[in-house]
Each structure stands twice: as C-alpha cells, then as structure tokens.
1. With θ taken as phi - 60° and the coefficients 6.51, -1.76 and 1.60, list the Karplus ³J(HN,Hα) couplings across the range 176-189 in order, rounded to whole Hz; mark glycine and proline as x.
2. In the Gaussian network model of the chain, springs joining C-alpha atoms below 10 Å, which of 230, 94, 28 carries the largest mean-square fluctuation?
3. Positive end of the charge dipole of the chain (Lys, Arg +1 and Asp, Glu -1 on Cβ, about the Cα centre): tell me which of 72, 190, 171 has its Cα farthest that way.
4. Sorted from fewest to most neighbouring beta carbons within 10 Å, what does the list 263, 23, 45 look like?
5. Which shape class applies to the range 16-259: rounded if a/c is under 1.5, otherwise prolate when a/b exceeds b/c and oblate if not, where a ≥ b ≥ c are the square roots of the Cα gyration tensor eigenvalues?
6. Check residue 199: other-chain or 5+ apart residues with amide H under 5 Å from its amide H, H built from backbone geometry?
7. May I ask for the distance between the Cα centers of the range 41-102 and the range 139-189, given as a whole number of Å?
8. List the lysines whose Cα lies under 21 Å from the Cα of residue 19, skipping any in the same chain that are fewer than 8 positions away.
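Quick note: the coordinates plus some simple rules give every number you see, no bench work behind them. Owing to the predicted nature of the structure, the values given are computational and were not obtained by experimental measurement. Neighbour counts are summed over all protein chains in view; Cβ atoms, including those assigned to glycine, are modelled from backbone coordinates with ideal geometry.
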Amino acid sequence: MTDTPGPTPPSALFDVAGKTVVVTGGSRGIGRMIAGGFVAAGADVVIASRKADAVEATVAELSAFGRCSGLAADLSTEAGARTFADAVAADHDRVHVLVNNAGATWGAPLAEHDTASWQRVLDLNVQGVFHTTKFFLPLLQAASTPDDPARVINIGSIDGIHVPVLESYSYSSSKAAVHQLTRHLAKHLAPTVTVNAVAPGPFESKMMAATLDTFGEQIAASAPLKRIGRPDDMAGVAIFLASRAGAYLTGAIIPVDGGIATVG
C-alpha cells in the first residue's frame, strides 16, 4: 500500500517566493495591487507601463519591500509586445508568471463610439494580451515543471460577464474576448502553462476613479458583500493562481467582485 502524503502546509501551498513574475500595466490600479502583493510575497517582479516615469516611481516604491524592476512598453502593437519580451529575456532566462493586466477603457453614448475608439481599446485589451503571451511563451515554458506549470493570469472584468450600466461597448466586448481567449489559450498551452482570468468588479483605480466618485456608494450598496474591492483582494487571488494551490486550475474565469455579477 502506498502511503498517503500528508497535507501541504499553507506556507508551502501559497508560496511564490523566488518566482519571476511579470505584471503589465503594473504601475497603477489593479496591476499595482498585484505587483505589490507578489513583491511582498518574495517574488522577483518586473512591471511594465507605457510611461517611463510611472514605472520608475512604482519600482522605487515597491523596491522598499522586495525585488522589483520595470520597463516602459507599449503593448498595443505586436512589435511593442515583442520588444518587451526580448527586453525581459535579456535579464531573465525564465518567467514563472505572466500577468496580462495592461488595458484601456472607453465609455460614450452609442453614436459616439467610432472606429478609432474601438481600435484603441481592442488593440491593447485583446491583441496586447495575445501577442504578449505569444512572445513570452518560451520564457514561460523554460520555467515550467510537471508539478509546477508556468502561469498566465489575464485580467478581464465583470463587464465581460454581465451587461454594464455604463455605455462602455468596446471595453465590455474586449473583456468578454479576453475571457474566451483565456479558455482557448488554456486548452492549447496545457500542460506546461496554465491560463486563467480574473474578472474584477469595482476597485479603486484611475480607470474607475470617475465612476466611483459619482456612484461609489451606490455600487458598494448594491454588492452582496457591501463594499468596494481592496488591494489584498486582488493580490490574494493572483497569488493563489500563481502558487501550488492553483496549479490544477486552468481555463477558469474568476469573478472578484463582491458578488456583483450574481445580481445584475
């Protein structure tokens, strides 16, 4: 009879110390929350943002708590995604976790949604996720082991699950596309890489600032859990997906929204 192994202690189950983690859009908002969580957990974090000064400021802040570096990158083009992956590869021979968080939003009445606004949002939110994952694949495969596959975590949105109140047609459509792209990649990159998506609800971020200023109290009141998301809520689910605890999960879309997607 084979002995049944004992339970894995939480300190090992959720351990991400020493892993190389890349977070796009990591200088602010949800990306900053995730990057900060991984730095505090002992990972070696690389962030990307379009603005070099924002990258430098965030790296300086997070480096007080652990290992963090960063690069300016425009991931809305295939060439930009390739350049970013090549730059990371120059300093790292493997990447254990890629968090595709960089994104853009747009909200306007139906008649004002023109081709340019659609293109701007979909280029970054959908093509950016696809091309960045494609170019990071060799680094992810280099980090993967049979017991510890590499991880891709895509940041979607509950607006890609339910119909949002605001007229954010291109944004909600792009996030629904991210969810389906997540499932498609999950099937084809297994077993060496898991691919999951997090679908955040309302969190305090620059992207959500105007909405929360106007409707924050109503949004919190409408959520079953009666509050807006906090940084640890986002960091926690990302660390779960990147750790041994999340190693058998792929192709999932996880709402982190206080239950809002269940009521609207």
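1. Coupling constants for the range 176-189: 4, 5, 4, 5, 5, 4, 4, 5, 5, 5, 4, 5, 8, 9 Hz.
2. Per the Cα network of the chain with a 10 Å cutoff, 230 tops the list.
3. 190
4. Final ranking by Cβ density, sparse to dense: 263, 45, 23.
5. Numbers: a/c = 1.44, a/b = 1.36, b/c = 1.06.
It is rounded, given that a/c, with a ≥ b ≥ c, falls under 1.5.
6. The list, which skips near neighbours in sequence, is 156, 254, 256.
7. Each part's Cα centre sits 19 Å from the other's.
8. Those lysines meeting the cut-off are 134.
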